[in-house]
Amino acid sequence: VPNKSDDIELAWLPDLVYTGGRFETGTALVCDRAGRIISLAPAGEVKEGKVVRLKGRAVLPGLVNSHSHAFQRVIRGRTEYRTGEGRDNFWTWREMMYSAATRLSPEDLYDASRLTFLEMALSGITSVGEFHYLHLAPDGSAYDDPNLLSKTVIRAARDVGLRICLLRVAYARAGFAASPNPKQIRFIEADAESFLDNAERLRSELDKDDAGSSAWVGVAPHSVRAVPLDYLKEVFHYAREKRLPFHMHVAEQPAEIAACMKEHGRSPVALLDTEGFLDERFTGVHGIHISEEEARALSRAGSIICACPTTERNLGDGVIPAALLFTEGVRVSLGTDSHTQIDLLEDARELEYNMRLKKLERVVLNEASADPSALAASLFDCATRHGAASIGMPAGRGALEAGQPADFFTVDLHHPSIAGACPEDLLAHVLFSLSSAAVREVVVGGRMIVEAGQHRAAREIVEKFIALQKRLWD
Ligand SMILES: [Zn+2]
């Protein structure tokens, strides 16, 4: 039993701890100096003096946000109107997003990212997968350090206190047989060789820092639209050799599927499957327009689909077929993507609610169980365990167990949004009804980054962001 008291840094003692799929009472999280959980011990066995009592709180594993474009926070609230005569959709929204992407300086990117990560921290998110495609200066020239902007986003996450998987995006072209789009100029690394050189440089630098436990690299060919097949193959082989997370936008828009059929004679998922790219390190982001056969291919390969329902509903992308994915055993992770809203539990509940609206039934995604928290538990896994698997956390499975990092958040059991819950149905209260204002403490690697609902740098981060928005839009 690893309970040598010299190694103990702290024991956190809340009213309830969510572990092993249920809430336990009278249980302390005993952590070492490295911010790792040594054990979950009965409260009475923990030495006084090293105990942090979290009275009136329940502790849950930190949420893992597996798809983010941090800079897109700057267009929140600025795209909710019609841009012209025709229909507004994903593609018209994208033009507005590009108008921001083409203007941000490295400092602007830092200020925008820090605000996004602050909001994540305050809502209980402890790790993020940042799908990062800004590489070049606004005029399309390279910075002296080709990873300047990647490192800027990483610095923002670290300064807030989140763990980050920097999913470095490969972006080669506007589309199949499409002429270059000048607004994409900052994304483009036209050949696989330069992309891989830059990604490898970033990977080896981050590895030296802290063995990659606070920041690490994944690779993310943007989509089958933006990356031709030969390039894709090289990125995949690199990811496989280095055992890195491999993410792609897949099946978000019907037009993307039509273009893929035209170029490859196969849908995006069928293409990825027949080329052998689907494995347990593969995450397809969105996966809205997929067939039963494609869901089975994803399941066979052990791949993950990252759903982003709060963004997908905002963009009018469509409804992720969660019932199909759950039935076929495809793991689903969650992302706040465009950051219209940053509340990963809202994304989790949306998976189920969309199915209810479509089927005119209740409790669709876990119909077999009468356990009052079973549905909530499977949705909560999407926001924790499956997210951790998706971003390949070097030292964490998204659960509070011995040997895992002490990454967690607390909720105030007296908050009006969940007051009156009992341990058996508390998770259902949290999953379906928690206000993020009920999140009180957030701890990453044993370090408290949010205390009594406050982040120490919040005021400065918000002021810098307000100044940025004035510069961008006034
Ligand atoms: Zn995205």
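The values are calculated or read from the model by the stated rules, or taken from the named source; none is laboratory data. Model, not experiment: these values are computed from the prediction. Please note: Cβ atoms are built from the backbone with ideal geometry, for glycine as well, and neighbour counts cover all protein chains shown. In case anyone asks, the SASA skips ligands and DNA or RNA and just uses the protein heavy atoms, side chains included. Shrake-Rupley method; radii C 1.70, N 1.55, O 1.52, S 1.80 Å.
Values for this structure:
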quantity: Distance in nm between pseudo-label sites at GLU401 and GLU280 (7 Å out along the Cβ direction from Cα); calculated: 1.3 nm
quantity: For q = 0.12, 0.18 Å⁻¹, Debye-computed log10 I/I(0) when each Cα of the stretch 1-147 counts as one equal scatterer; calculated: -0.72, -1.04
quantity: Cβ-based charge dipole, the stretch 191-269, positive-most Cα from HIS237, CYS260, ALA192; calculated: CYS260
quantity: Total charge dipole magnitude, the chain, about the Cα centre, Cβ charges on Lys, Arg, Asp, Glu only, Debye to nearest 20; calculated: 500 debye
quantity: Cβ-placed point charges (K, R +1; D, E -1), dipole of the stretch 272-323 about Cα centre in debye, nearest 20; calculated: 180 debye
quantity: Unit charges at the beta carbon, dipole of the stretch 190-269: most positive-side option, PRO221, ALA251, LEU202; calculated: ALA251
quantity: Where labels lie 7 Å past Cα in the beta-carbon direction, separation of ALA437 and PHE176 in nm; calculated: 5.0 nm
quantity: Kirkwood hydrodynamic radius (C-alpha pairs) into Stokes-Einstein, the stretch 383-432, 10 °C and 1.306 mPa s, D in µm²/s; calculated: 126 µm²/s
quantity: Theoretical gain in end-to-end length, MET96 to GLU424 [0.36 nm per residue, Cα-Cα removed]; calculated: 113.5 nm
quantity: Calculated from backbone phi, Karplus (6.51, -1.76, 1.60) coupling profile of the stretch 229-240 in Hz, x at Gly/Pro; calculated: 4, 4, 4, 4, 4, 5, 5, 4, 5, 5, 4, 5
quantity: The stretch 65-200, dipole about Cα centre (Lys/Arg Cβ +1, Asp/Glu Cβ -1), debye to the nearest 20; calculated: 480 debye
quantity: With every protein chain in place, the chain: carbon and sulfur % of accessible area (1.4 Å); calculated: 50 percent
quantity: Among ALA170, ALA156, SER141 the positive-end extreme of the charge dipole of the stretch 141-190 (Cβ point charges); calculated: ALA156
quantity: Gained length - TRP473 relative to ASP209, 0.36 nm times residue gap less alpha-carbon distance; calculated: 91.3 nm
quantity: Surface accessible to a 1.4 Å probe, per residue, for the residues of the chain, Å²; calculated: 40 Å²
quantity: SER66 long-range amide H proximity, modeled H, under 5 Å; calculated: GLY129, LEU334, GLY335, THR336
quantity: Neighbourhood charge, 10 Å Cβ-Cβ cut-off, centred on ALA452 and excluding it, Lys, Arg +1 and Asp, Glu -1; calculated: -2
quantity: Net charge, SER150 excluded, C-beta distance under 11 Å - Lys, Arg +1, Asp, Glu -1; calculated: +2
quantity: Pairwise label distance in nanometres, ARG447 with LYS358, each label 7 Å out on the Cα-Cβ vector; calculated: 4.2 nm
quantity: Relative intensity, log₁₀ I(q)/I(0), of the chain from a Debye sum that treats every alpha carbon as a point, q = 0.09, 0.12 Å⁻¹; calculated: -0.58, -1.05
quantity: Over 32 Å between alpha carbons, listed pairs LYS55/LYS464; LYS151/LYS470; LYS47/LYS242; LYS151/LYS183; LYS151/LYS358; LYS208/LYS233; calculated: LYS55/LYS464; LYS47/LYS242; LYS151/LYS358
quantity: 11 Å beta-carbon shell around GLU95, net charge (K/R +1, D/E -1); calculated: +1
quantity: Where a label projected 7 Å from the Cα of LYS50 along Cα→Cβ would reach, residues of the stretch 11-28 with amide N under 12 Å; calculated: 11-12
quantity: Ranked by how many other beta carbons lie within 10 Å on average, peptides 177-183, 100-106, 38-44 from highest; calculated: 100-106, 38-44, 177-183
quantity: Under-5 Å amide H pairs with GLU9, H placed in peptide plane, nonlocal only; calculated: CYS31, ASP32, ARG33
quantity: Helical mean residue ellipticity (222 nm; -39500 (n - 2.57) per DSSP H run of 4+; nearest 500) of the chain; calculated: -11000 deg cm²/dmol
